[in-house]
Amino acid sequence: MVTTEYPHGQDFPILRIETPLCSAEISLYGGHILQWTPTGQLPVIFMSPQAVFKQGKALRGGIPICWPWFSKNTEDATLPSHGVARTALWQHAKTEELEDGTLRIVLALPPTQELMPSGALIIELGTELVISLLTMDVQRTMPFSAAMHTYFAVSDYETVAVTGLEECAFTEYADDAVPHCEDPLIPTGHIDRIYHPVPEEQLITIHDPAWERSINIYRAGSASAVVWNPGEKLAAEMGDLGAAASRGFLAVETTAVPAENLMLRCGEAHRLTTRIQVVSIR
């Protein structure tokens, strides 16, 4: 069952999903998945309790969509960082139930500016979460980058481990980065890494023994990944997060970062996909 509610006002429609397989919430503002919980499991997606629903501001937590560029726009520095999708109102275009009970929801984003491509999100909600970000109707040759900035809910950020990135080169962007255990990666404090290149077939896994589960992250259309947490000190300065909340998530992002040097030409399309699977380790 899918219902539309407005707990944050008429400008912020929320799709609430309840099926035998899972529950979920999607904000049409930002095309933003706020929550996904397979039946009988703990929440998989972290949403900041301090998130602010305000026009022009990206939501803190969930799965923000960075599109059609990641970080700063390389052609026009006056455009918003991480693109226009996070603060645009997406259209609920279609809902259908698949044979296995998975619910497929399609969101559409028409061009928001002249010569901007159109976008679509195909979201499959069931025992797994599959998200495909489609870039279409490209009208000119343009540099392209994107990200699904997924905040994964964890028992304690500094006790989980990440595998699958051990052999991949990375650039650390945290000014106050401290040494982290690397094999496997066990973060502590501020971490802000872009891993590139990361083979598309590489499985990335978050191991969370306290919650007796692992989270597998599969990617397609992606040659990179981002691992991020601000750490308690920086999070304390973020009005929509806070120090205590920072320990409840680790962001592991499926990305196509600028270093991949992707160029989309007129008439071309791109599909970026992430598939999230929860595995019990009891």
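Filter the strands (runs of 3 or more DSSP E) completely within the range 126-214 down to those with at least 1 residues that are within 16 Å of V257 (Cβ to Cβ) and not polar (S, T, N, Q).
128-136, 142-144, 146-148, 170-172, 191-195, 204-208
Please verify whether the range 272-280 includes one or more residues that are loosely packed, with under 15 Cβ neighbours inside 10 Å, polar (S, T, N, Q) and not in a loop (DSSP other than H, G, I, E, B).
So far as the range 272-280 goes, yes, one or more of its residues are loosely packed, with under 15 Cβ neighbours inside 10 Å, polar (S, T, N, Q) and not in a loop (DSSP other than H, G, I, E, B).
Right, S222: within 19 Å of the chain's Cα centre (by Cα) and in a loop (DSSP other than H, G, I, E, B) or not? Reasoning before the result, please.
On the way: within 19 Å of the chain's Cα centre (by Cα): yes; in a loop (DSSP other than H, G, I, E, B): yes.
In short, yes.
If E166 satisfies every condition in (1) surrounded by fewer than 20 Cβ atoms within 10 Å (Cβ to Cβ); (2) of a type in the set (D, E); (3) within 28 Å of P49 (Cα to Cα) but one, which is the exception?
(3)
Return the residues of the range 170-183 that are touching a strand residue (DSSP E or B) at 6+ places or on another chain (Cβ under 7 Å), open to solvent by 30 Å² or more (accessible area, probe 1.4 Å) and of a type outside the set (S, T, N, Q); say none if nothing qualifies.
Correct list: F170, E172, Y173, A177.
Quick one: is I186 in contact with a His (Cβ under 9 Å, 6 or more places away or on another chain), surrounded by fewer than 20 Cβ atoms within 10 Å (Cβ to Cβ) and closer than 24 Å to W36 by Cβ?
No: the conditions fail for I186.
Answer yes or no as to whether E96 is assigned to a strand (DSSP E or B), in contact (Cβ under 8 Å) with a residue 12 or more places away in the chain and among the acidic types (D, E).
no
Is there a residue in the range 195-203 that is more than 16 Å from T254 (Cβ to Cβ) and either of a type in the set (F, W, Y) or open to solvent by 60 Å² or more (accessible area, probe 1.4 Å) (or both)?
no
Does L250 satisfy being surrounded by 15 or more Cβ atoms within 10 Å (Cβ to Cβ), among the aliphatic types (A, V, I, L, M), in a loop (DSSP other than H, G, I, E, B) and modelled with pLDDT of 95 or more? Spell out how you get there, then give the answer.
Working: surrounded by 15 or more Cβ atoms within 10 Å (Cβ to Cβ): yes; among the aliphatic types (A, V, I, L, M): yes; in a loop (DSSP other than H, G, I, E, B): no; modelled with pLDDT of 95 or more: yes.
It is false that L250 is surrounded by 15 or more Cβ atoms within 10 Å (Cβ to Cβ), among the aliphatic types (A, V, I, L, M), in a loop (DSSP other than H, G, I, E, B) and modelled with pLDDT of 95 or more.
Among the residues of the range 150-163, is there at least one that is under 28 Å from E75 (Cα atoms) and open to solvent by 30 Å² or more (accessible area, probe 1.4 Å)?
no
The values are calculated or read from the model by the stated rules, or taken from the named source; none is laboratory data. Since the model is a prediction, treat every value here as computed from it, not as a measurement. Cβ atoms come from the backbone with ideal geometry, glycine included; neighbour counts cover every protein chain shown. Keep in mind that these areas ignore ligands, DNA and RNA; they rest on the heavy atoms of the full protein, side chains included. Shrake-Rupley method; radii C 1.70, N 1.55, O 1.52, S 1.80 Å.
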